[in-house]
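S.K.: Here it is, the structure in full.
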Amino acid sequence: MTSDLALAFAHPEARARATETEPIADRISLRDHIVEVEIGAFQQERGRTQRICFNVVVEVAQEGDLADDVDRILSYDRITEAIAAELSGDRLNLLETLAERVAARVLAEPQARRIFVRIEKLDLGPGALGVEIVRSREDLEPAPVAETMAHPVVIFLSREAALSPRLSAWLDDIEAHRRPAILCVGATGLPLPEAAHPAPQRRIDLLAIEQAAWVLAARDRRCVVVESRTELDWAAKQGRISVWAPSKMVLDAADPPESIAPEALAAWLAGEMGASDLAFVGAAAPEGCGARRLDVSAGALTLAE
């Protein structure tokens, strides 16, 4: 009885271990994530916020060798994003409703198999008052998940534009419009080795673009080089500026771009990221990609919606 009682109040991670089945699943967890929000059915809970604490454990199915690749896992960000998305909607009366919605949103992720969600109110009584649910893909048909893509603007900078003394002013303009941006660059223009076969030449050409990305990053601390889709998504949702290093996404893509010319890659990335805008500075856009060429003669970027 004592052990049963201890387990009843244990962290969801301990409960997951106690009820694990064969084969034993991998787990990721979120501990003591505290958010202030207006929630509750009582009149005294209306018109004021209170702290609620989330503890979440997700059992995941990982297929094959992860190869230390962040795009092959269920990112911790997906849990916090699920919580934020459900709290940003209608005001809720019940923690039970919130827990169900968070569970459904996380279970919509392809790697998720079972989830433990514990939510507690920290300010309503002398102790923590809460609810815990356990749901699996078999128990629950995941609800349709509202789109949370950030729709960044993708901006291609020619080699000359990337080296322009106006770069800092352009970045100021991007930040002033509060739009997440992904910068793409052309190659440095330095002589490249010539390979006898297409595959190694493709790698060499992609690495030349990445070299230019790092040159751009050295010019301003806001230019953060990013290679994975997961990092690009996260940076866009945080409203940050990224500089794309294309090798990983291009080489891993199930439907890779036909051309790895830098301008064509920028257009391909815009489609992959659901970009709200695609613009070119100092270079012409590929035909048919629906992009615009930014006029920077006045020294600023025009990023109006």
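S.K.: Only one residue in C223, C289 is touching a helix residue (DSSP H, G or I) at 6+ places or on another chain (Cβ under 6 Å) and modelled with pLDDT under 90, so which one is that?
M.R.: Testing whether each residue is touching a helix residue (DSSP H, G or I) at 6+ places or on another chain (Cβ under 6 Å) and modelled with pLDDT under 90 leaves just C289.
S.K.: Hey, E263 hits all of (1) at pLDDT 85 or above; (2) among the acidic types (D, E); (3) more than 27 Å from P200 (Cα to Cα) but one; which does it fall short on?
M.R.: (3) is the only condition that E263 fails.
S.K.: Let me ask something additional. So in region 226-255, with the set limited to residues that are of a type in the set (D, E) and not in a loop (DSSP other than H, G, I, E, B), which one is farthest from V153 (Cα to Cα)?
M.R.: Across region 226-255, the extreme among qualifying residues is D252.
S.K.: I've got another one for you. Which residue, of L157, L107, L98, is more than 28 Å from V58 (Cα to Cα) and buried (at least 19 other Cβ atoms within 10 Å of the Cβ)?
M.R.: Step by step, each of L157, L107, L98 is checked, and only L157 is more than 28 Å from V58 (Cα to Cα) and buried (at least 19 other Cβ atoms within 10 Å of the Cβ).
S.K.: Mind listing whichever residues of region 256-282 are in contact (Cβ under 8 Å) with a residue 24 or more places away in the chain, crowded, with 18+ Cβ neighbours inside 10 Å and not in a strand (DSSP E or B)?
M.R.: Matches in region 256-282: I260, P262, E263, L265, A266, A267, L269, A270, M273, A275.
S.K.: Looking at region 266-286, which of its residues are at pLDDT below 85 and in contact with a Leu (Cβ under 6 Å, 6 or more places away or on another chain)?
M.R.: Result: no residue meets the conditions.
S.K.: Take the residues in region 36-87 that are surrounded by 14 or more Cβ atoms within 10 Å (Cβ to Cβ), hydrophobic (A, V, I, L, M, F, W, C) and assigned to a loop (DSSP other than H, G, I, E, B), then tell me which one is modelled with the lowest pLDDT.
M.R.: By that ranking, first place goes to I73.
The values are calculated or read from the model by the stated rules, or taken from the named source; none is laboratory data. Treat the numbers as computed from the prediction; the structure is a model and nothing was measured. Neighbour counts are summed over all protein chains in view; Cβ atoms, including those assigned to glycine, are modelled from backbone coordinates with ideal geometry.
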